[in-house]
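Notes follow the structure.
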Amino acid sequence: MKKALPLHLTMAGIYVHIPFCASRCIYCGFYSTTRSELQQRYVDAVCREWQIRANYLNDSVHTIYIGGGTPSQLSSMQLRQLFDTLGVKGKTGESPAPFEDALGGNPVEVTLECNPDDLTVEYVTALSRLPVNRVSMGVQTFDDGRLRFLRRRHTANQIPVAVERLRQAGIRNISIDLIYGFPNETLVDWHQDIDQALSLNVEHLSAYALSYEEGTPLYHLLQQGKIQELDEELSLQMYSDLIDRLTAAGYEHYEISNFARLKVEDGESKKDSYRSRHNSSYWHQVPYLGLGAAAHSYDGHSRQWNIDDVEQYIEGIEQGRPTFEREELDADTCYDELVMTALRTCEGLDTRMLSEEDRQYCLSQAKRFLNDGLLTLDNSNLRLTRKGLFVSNMIMSELMKAT
């Protein structure tokens, strides 16, 4: 079985799923709803679920992530209710236990996902009084035509305005999401998106190839022949150019789809960066508690996920009987999940975390990829090379035990 995690990775996170959206984007496969009339009952239910499940985590909490959906659809009062129930205070108060972070004295990382058009002056002013110290903003593209294609509500001009408002409100850790590989998108189009993203000077950037998930409107358009997927070679070139341009701009490529700026003090770069500490926990098998409809939890031995129906979720909580499913993880599943997550990171898979049997299996499966220059083994760390990044899914699949 796996060895114990290093001390700096033994603290847990809380994820709160806010499924409400004003409108649905055509590519999104996450659970969401446009039924805004249920928001207050839902927030009440999430607060109640925390009271029911507060003992799920045995470790100190060092990250809180409010995701969705569109969390910025909640009012500032509803967000305040969530934070008060969790026990984390705003800018005017100290964070009480269990929100005392031992990671070098850093405050708890509290992330809120937002849409640019929701970040009005009034809303951002209200955020400044909440414990939010990191904002993740769904930008996707700076082209208004592609934004309309995705059915996004914001315009390109609203993006820099939203960033500036967050800066004025004291948010010093901003992340943006980008999408590449649109139908008919060119390299010039993509380079323009990257350049505009860099001009914002944000601390963190995530970028994903447009995916056609079954059941989404985007998938139906593809099946109906109304759009065509971008050529795979062109999509891979876009990813390669993304890596080159962001690393040249001083961003650390710390996970397949994620880039973070190094922290700077007195004009000098520090060793640590603006990595997403919450998402890094997922990639390092750190326990977390998921609150809300469709939210997942992991305690190191099992996974648990709430029902993906907002009304049934609320009713179950109101009756004191949360509706969820649970899976106990056997040794092979734990191994597969570790391979799948750790290899996504720049540190790679520390093979010392594996049992001797799993280690021998992993290295045996990895041998041909090491010979082909797709993997590298530095001491005990098995990592993807730059060449291996482009076929990462295939490599991970070959190293896993699942059939």
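Here is how the numbers come out for the structure above:
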quantity	calculated
Calculated from backbone phi, Karplus (6.51, -1.76, 1.60) coupling profile of region 336-341 in Hz, x at Gly/Pro	4, 5, 5, 4, 5, 8
Rounded, prolate or oblate (a/c below 1.5 giving rounded, otherwise prolate when a/b exceeds b/c) for region 250-403 by Cα gyration tensor	oblate
Hz values of 3J(HN,Hα) by residue in region 172-183 - Karplus curve (6.51, -1.76, 1.60), Gly and Pro given as x	9, 9, 10, 10, 10, 9, 10, 10, 10, x, 5, x
Contact order normalised by residue count of the chain, Cα under 8 Å, 6+ apart, percent	17
Which of Ile314, Ile307 has the fewest Cβ neighbours within 10 Å, and the rest in rising order	Ile307, Ile314
Amide proton proximity set for Thr33, modelled H, under 5 Å, gap of 5+	Phe20, Cys21
Whole-Hz ³J(HN,Hα) from phi, Karplus 6.51 cos²θ - 1.76 cosθ + 1.60, for region 58-67, glycine and proline x	9, 9, 5, 8, 10, 9, 10, 10, 9, x
Beta bridges per DSSP with both ends in the chain, % antiparallel, nearest 5	45
Residues Phe149, Phe182, sorted so that the one with the fewest Cβ neighbours within 10 Å comes first	Phe149, Phe182
Under 5 Å, built H, 5+ apart or other chain: amide partners of Tyr180	Tyr208, Ala209, Leu210
Efficiency of FRET between Gln40 and Glu327 - r from beta-carbon atoms, R0 35 angstrom, step 0.05	0.65
Span per principal axis, largest first, for the Cα atoms of the chain (Å)	57, 54, 48
Asp143, Asp378 arranged by Cβ crowding within 10 Å, fewest neighbours leading	Asp378, Asp143
Amide hydrogen neighbours beyond the local backbone of Leu375, cut-off 5 Å, H modeled	Leu370, Thr385
Among Ser240, Pro287, Asn201 the positive-end extreme of the charge dipole of region 199-304 (Cβ point charges)	Pro287
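Rule-based calculations on the coordinates, nothing more; no lab input. Values in this document were obtained by computation on a predicted structure and should not be read as measured data. A quick note on method: Cβ atoms are made from the backbone with ideal geometry, for glycine too, and the neighbour counts reach across all protein chains shown.
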